[in-house]
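Heads up: the structure comes next, in structure tokens.
The values are calculated or read from the model by the stated rules, or taken from the named source; none is laboratory data. Please read these numbers as outputs of a predicted model, since none were measured by experiment. Cβ sites come from the backbone with ideal geometry, for glycine too, and all protein chains shown count toward neighbours.
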Amino acid sequence: MGWARAAFEIMGTSAELLVGGVDAEGLIDLSQFRLSELEAKWSRFAYSSEVSALNRSAGRRMSVSADTATLVEVAIRGWRQTEGDFDPTVLGFLLAAGYDRTFAEMADRGRRDRPRVVPFGLGCGGILVDVERSQVTLPTGVGFDPGGVGKGLAADLVAGEAIEAGAVGVCVNVGGDIRVMGPSPTGGPWIVEIPDVGAESGPHTVSLFDGAIASSSPAVRRWTDGSLDRHHLIDPHTGRSVDGDVGSVSVVASQGWQADVLTKAVFVRGAEAGLALVESVGAAALVVRTDGVERRTPSWARHTGAPG
């Protein structure tokens with residue numbers, strides 16, 4: 001058995017794969033192809049993607065791939081679990097804020113050349129999904145954005161399929177949304193370092209055998225829109241970039257999509273209420289507040305040995 005690694009750009013971010021197995025190189029190629037396939041289906045920036053077609057077809061039932069039906073279904077599940085603090089129908093707010101192209105293409109993001117007409121409003125509760133038939137209906141006037149759940153779900157799917165294809169251990173990292181299955185190259189758990197974003201006690205690590213961690217901060221995807229400072233973490237209750245007491249958050253959960261969703265909800269709900277939400281659904285979190293103070297769920301100690 002051997003191990004193979006690949007690092008590349010995808011889904012508007014950097015990705016890394018580490019796979020162990022008899023045919024590690026073949027498994028890496030399979031996993032990288034699968035991520036490319038999911039990006040082609042889910043990118044809201046690609047006219048030919050299924051997500052873009054869904055948004056153009058709002059009000060009408062549309063047949064999609066099983067992958068896209070799953071994406072929409074878990075996004076709705078995340079919306080319900082967070083009582084609307086995560087909402088995949090914030091697309092209109094993102095467009096109004098100027099996030100209407102890939103972040104790499106936003107060279108002129110400080111200028112607004114003309115008023116933006118926003119064609120979409122909220123409406124997650126009205127989305128209809130038939131997973132068995134792979135059909136989705138968006139309500140008229142509602143737009144779907146996969147950005148708060150897609151990378152985590154992609155990591156889940158790719159990791160699981162690599163194991164099914166013969167991998168002994170696998171780590172899929174898509175822009176900080178990380179899913180691991182099986183043992184690491186050392187034979188023990190995977191040790192994941194959390195990005196240092198001003199925490200009091202410096203960098204942290206978590207230990208995972210089979211699970212996921214997602215980390216999020218508004219520090220990277222920021223831009224100015226006229227005189228306004230914007231970032232990609234949108235509060236669905238106000239339509240504006242979140243301006244609260246959370247500087248960064250990392251969530252450990254059994255699934256990558258859930259960890260991804262919960263990071264967004266913590267920003268919206270705030271540090272203390274957000275930690276309570278994470279604990280209530282059986283996940284764990286570390287929050288670094290904007291004042292640098294660290295807060296954790298009691299369950300965080302299970303993954304790090306740190307006090308609760």
| query | For the range 148-197, how many residues meet the condition of being part of a loop (DSSP other than H, G, I, E, B) and polar (S, T, N, Q)? | reply | 2
| field | Selection within the range 253-266 - closer than 21 Å to Asp235 by Cβ and touching an Asp or Glu at 6+ places or on another chain (Cβ under 8 Å) | value | Trp257, Ala259, Asp260, Lys264, Ala265
| query | Within the range 46-70, which residues are farther than 24 Å from Leu262 by Cα and among the acidic types (Asp, Glu)? | reply | Glu50
| Residue in the range 242-253 that is farthest from Trp79 (Cα to Cα), counting only those that are without any contact (Cβ under 8 Å) to a residue 40 or more places away in the chain and crowded, with 24+ Cβ neighbours inside 10 Å | Val249
| query | Is one or more of the residues making up the range 62-76 at pLDDT 90 or above, among the small types (Gly, Ala, Ser), assigned to a loop (DSSP other than H, G, I, E, B) and in contact with a Pro (Cβ under 9 Å, 6 or more places away or on another chain)? | reply | no
| request: Considering only the range 248-291, state which residues are part of a helix (DSSP H, G or I), over 17 Å from the mean Cα position of the chain (by Cα) and among the aliphatic types (A, V, I, L, M). | output: Ala271, Ala273, Leu275, Ala276, Leu277
| query | If you scan the range 210-223, which residues turn out to be more than 14 Å from Gly176 (Cβ to Cβ) and either at pLDDT below 90 or not in a loop (DSSP other than H, G, I, E, B) (or both)? | reply | Gly211, Arg222, Trp223
| query | Restricting the first residue to the range 269-293 and requiring it to be more than 18 Å from Gly84 (Cα to Cα), which pairs with a second residue that is aromatic (Phe, Trp, Tyr) meet a Cβ separation below 8 Å and a spacing of at least six or different chains? | reply | Ala284/Trp300; Ala285/Trp300; Leu286/Trp300
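Yes/no matrix, rows are residues, columns are (1) within 18 Å of Gly256 (Cβ to Cβ); (2) surrounded by fewer than 18 Cβ atoms within 10 Å (Cβ to Cβ); (3) in contact with a strand residue (DSSP E or B) (Cβ under 9 Å, 6 or more places away or on another chain):
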residue: Asp23; (1), (2), (3): no, yes, yes
residue: Gly26; (1), (2), (3): no, yes, yes
residue: Arg44; (1), (2), (3): no, no, no
residue: Val72; (1), (2), (3): yes, no, yes
residue: Gly78; (1), (2), (3): yes, no, no
| field | Within the range 254-285, tally of residues that are buried (at least 24 other Cβ atoms within 10 Å of the Cβ) and over 26 Å from Asp145 (Cβ atoms) | value | 1
| field | Odd one out for Leu122, checked against (1) crowded, with 21+ Cβ neighbours inside 10 Å; (2) modelled with pLDDT of 95 or more; (3) over 17 Å from Leu38 (Cα atoms) | value | (2)
| message | What's the number of the only condition in (1) at pLDDT 95 or above; (2) part of a loop (DSSP other than H, G, I, E, B); (3) of a type outside the set (Ser, Thr, Tyr) that Leu35 fails to meet? | response | (2)
| Mind checking which residues of the range 1-15 are more than 16 Å from Ser216 (Cα to Cα), of a type outside the set (Asp, Glu) and part of a strand (DSSP E or B)? | Gly2, Trp3, Ala4, Arg5, Ala6, Ala7, Phe8, Ile10
